[in-house]
Amino acid sequence: MSSYLTSTTLIQSICRRAAIPLEQNTFTNEDLLAFCDEETTMGVIPSMMKLHEEFYVFSVNVPLESNVDRYSIPNRAMGVKLRNLFYQDISQNLKDMAKINPEDVPFYQNRSSGTIPRVFYFENDDVVLVPGSIPNPQGKLVFKIFLRPNTLVPDNQVSTVQQIDSTTGIITVDNIPSTFNANEQFDIVERKRGHRCKAIDLSSTNVNAVLKTITFDPASIPTSLVVGDIIALAGQTNIPQMPDEFHAVLAQRAACRCLEAQKDTEGLKNAYAKLKEMEENIGILIDNRSEGQPTKVNNLRGLLRSSKYNKRRSYTY
């Protein structure tokens, strides 16, 4: 038996917890999955994020463009926020970038020179680089974001990888949903562990429903792709993107929503009590992901280390 829940088994779990008959007209399967999506955003994600254990971190690489100083935060970043921002040179070395306040821009513009960005500030949903007007820049920006979890869809709206040809980019799957076509973008979702996205917003060159194949640019296929992984339309999945242990918590939260909608006060009270117990216990399980090793804290900008830190950055202000 799998340790995780798919859309089908998740719906079954919700119905058991809220004593909802499988054959009923009050809640459709789409309603129950929508409850799960809302509870993921409003309940499960905040519980995981407050632990600061690097869940949902995803890298998006954006090549620098000539004389362009403004770059949009990736549209799938939770809360339109960044975990971090780095400059990566052509030797793949990462350089930390500092965030400044907009009112400090004149100071840094007057002190800045060279061919790489040093600092940045936010303006609406954009990152603005200082200096930004760099002709023929080299390297790229590495956006570290908290990737927004994909919305849940029925199991028959995703495909499972059966064979991988990394040379031609042809991936054979178990079925081709009717919503799949070459004009759509796709995500590749890990079936095991945290069910993270291995790749997002991939464009396909061909979708063959007869041969059950999807063709991508071989360079875009993640090297970690394995048989059993999931291919879904961009932003979709059939497995909640969280550790398996949280799937039961998600089902319980959705069951509470059903009981609330049915105005079952007594049932809701009992369900909330059970949810509180589950969340307390699950917090113990995932808090501190490396119990044997304490976290090493380096005050890189402290007085004693500032000169060494600036030297390693290989540029000065």
Cut-off 15 Å between beta-carbons: net charge of the residues surrounding Lys81, Lys and Arg +1, Asp and Glu -1: +2
Sorted peptide list for 92-100, 123-131, 35-43, criterion being average Cβ within 10 angstrom, highest first: 35-43, 123-131, 92-100
Stretchable slack from Ser72 to Thr115, in nm (0.36 nm times residue separation minus alpha-carbon distance): 13.4 nm
Across Lys50/Lys274; Lys50/Lys192; Lys50/Lys263; Lys198/Lys276; Lys50/Lys99, pairs whose alpha-carbon gap is larger than 27 Å: Lys50/Lys263; Lys198/Lys276
In nm, spacing of pseudo-spin labels at Ala248 and Thr41 (7 Å Cα→C-beta vector): 2.8 nm
Label-point separation, Thr168 to Asn84 (7 Å along Cα→Cβ), nm: 4.1 nm
Identified option (computed Cα extents along the principal axes in Å; candidates [x] 60, 57, 41; [y] 82, 60, 40; [z] 69, 50, 39): [z]
Heavy-atom accessible area per residue - the stretch 1-82, 1.4 Å, Å²: 57 Å²
Computed log₁₀ I(q)/I(0) - Debye formula, equal Cα scatterers, no solvent, the stretch 1-103, q 0.15 Å⁻¹: -0.85
Nearest-0.05 FRET efficiency for Asp31 and Phe122, computed from C-beta distance (R0 41 Å): 0.65
Solvent-free Debye scattering, log10 I(q)/I(0), computed from the Cα coordinates of the stretch 1-58 at q = 0.12, 0.19, 0.23, 0.31 Å⁻¹: -0.39, -0.81, -0.99, -1.24
Solvent-accessible heavy-atom area per residue, rounded to whole Å², over the stretch 204-258 at 1.4 Å: 34 Å²
Ranked by how many other beta carbons lie within 10 Å on average, peptides 195-208, 143-156 from highest: 143-156, 195-208
Charge context of Asn206, other residues only, Cβ under 15 angstrom, K/R +1, D/E -1: -2
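Can you compute the FRET efficiency between Asn288 and Asn61 using 1/(1 + (r/R0)^6), with r the Cβ-Cβ distance and R0 = 25 Å? Round to the nearest 0.05.
Rounded to the nearest 0.05, the efficiency is 0.25.
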Calculated FRET value between Met49 and Glu279, using beta carbons and R₀ = 22 Å, to 0.05: 0.95
Positive minus negative residues near Ser47 (Lys, Arg vs Asp, Glu; Cβ under 13 Å): -3
Ranked by how many other beta carbons lie within 10 Å on average, peptides 185-193, 5-13, 259-267 from highest: 5-13, 185-193, 259-267
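The values are calculated or read from the model by the stated rules, or taken from the named source; none is laboratory data. Everything numeric here is computed off the predicted structure, so don't read it as measured data. Here the Cβ is made from the backbone with ideal geometry for all residues, glycine too, and neighbour counts use every protein chain on show. With ligands, DNA and RNA removed, areas are computed over all heavy atoms of the protein, side chains included. Shrake-Rupley method; radii C 1.70, N 1.55, O 1.52, S 1.80 Å.
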